[in-house]
Amino acid sequence: MIYNQLISDKLQADKQLAILLDKGVQGSGRMALEQANKIASGFTRLTWYSSCFFENYQDVCSNLKHEDIRFIKALVKLTLHPDVVFNIVQIMVKDMLGGQSEEKINKIHLILLQKGAGFASSRYTSKAFTFSISTAICSGFGMRIAIDSFTTSVSKWGVLAVGVYSYVKVAADAASRLKSRKPMVYAALYQAELEMLYFIIEPIFSKIDTTSYSMKSENEIASDIMRLIK
């Protein structure tokens, strides 16, 4: 997918702009406050490393190091592999549709056709259906906003190491929420060393209730899909 390259290209293209912004070019008040909070989170996380000096807090120290390493590994994959964001989305969609019967999948497909979903044009296997929905989500306006928000935030503070480091806490918090709500999805992302990138797409999937697909009707699942691809 194009999003890995988009992230890398935008960070490089905005480097000079980031320097100017860090020297005091006025941005929006909302963005400044948001970034100030992230910077504060970065400082707070750095202070947690003081736990490494105390024997009774070695578990805290070990967890911080583990999250930092996982974040670095995820960023390397984001840089080197063009389909990382798509893979994360596909794992989420597989969780949504994986437990559904073929009959229910066909009904969802029909409802999407009736709702005018452009990607739903023929009878799909479950695997092809998952791929098509994942592609539609990654091509949607909501995903573009999420990616642009992430790249803009990082590039504005890119020259400040603590600003970048604040995203480790953002990523760790998002991964923790996912582990609590969807442990199987978290396990799949963890195995792929991608759980620390979940925060990028979390705003998209927070639009829907992802905890009870087995209890949802075909109409409810189709409505969720339509919300995801917008």
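The table that follows gives values for the structure above.
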| item | result |
| --- | --- |
| Accessible-area composition of the stretch 75-119, carbon plus sulfur, in percent [1.4 Å probe] | 55 |
| Accessible surface ranking that places the most exposed of ILE229, ILE200 first, with a 1.4 angstrom probe | ILE229, ILE200 |
| Spin-label model distance (nm) - GLU193 vs HIS66, 7 Å beyond Cα toward Cβ | 1.7 |
| Accessible-area value, THR125, 1.4 Å probe, nucleic acids and ligands omitted, Å² | 90 |
| Exposure of ASP68 as accessible area (Å², to 10), given a probe of 1.4 Å and all protein chains | 20 |
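The values are calculated or read from the model by the stated rules, or taken from the named source; none is laboratory data. These numbers were taken from a predicted model, which means no experiment stands behind them. With ideal geometry, Cβ positions are generated from the backbone for all residues, glycine too; neighbour counts draw on all protein chains shown. Protein only, heavy atoms only, side chains kept; ligands, DNA and RNA dropped before computing areas. Shrake-Rupley method; radii C 1.70, N 1.55, O 1.52, S 1.80 Å.
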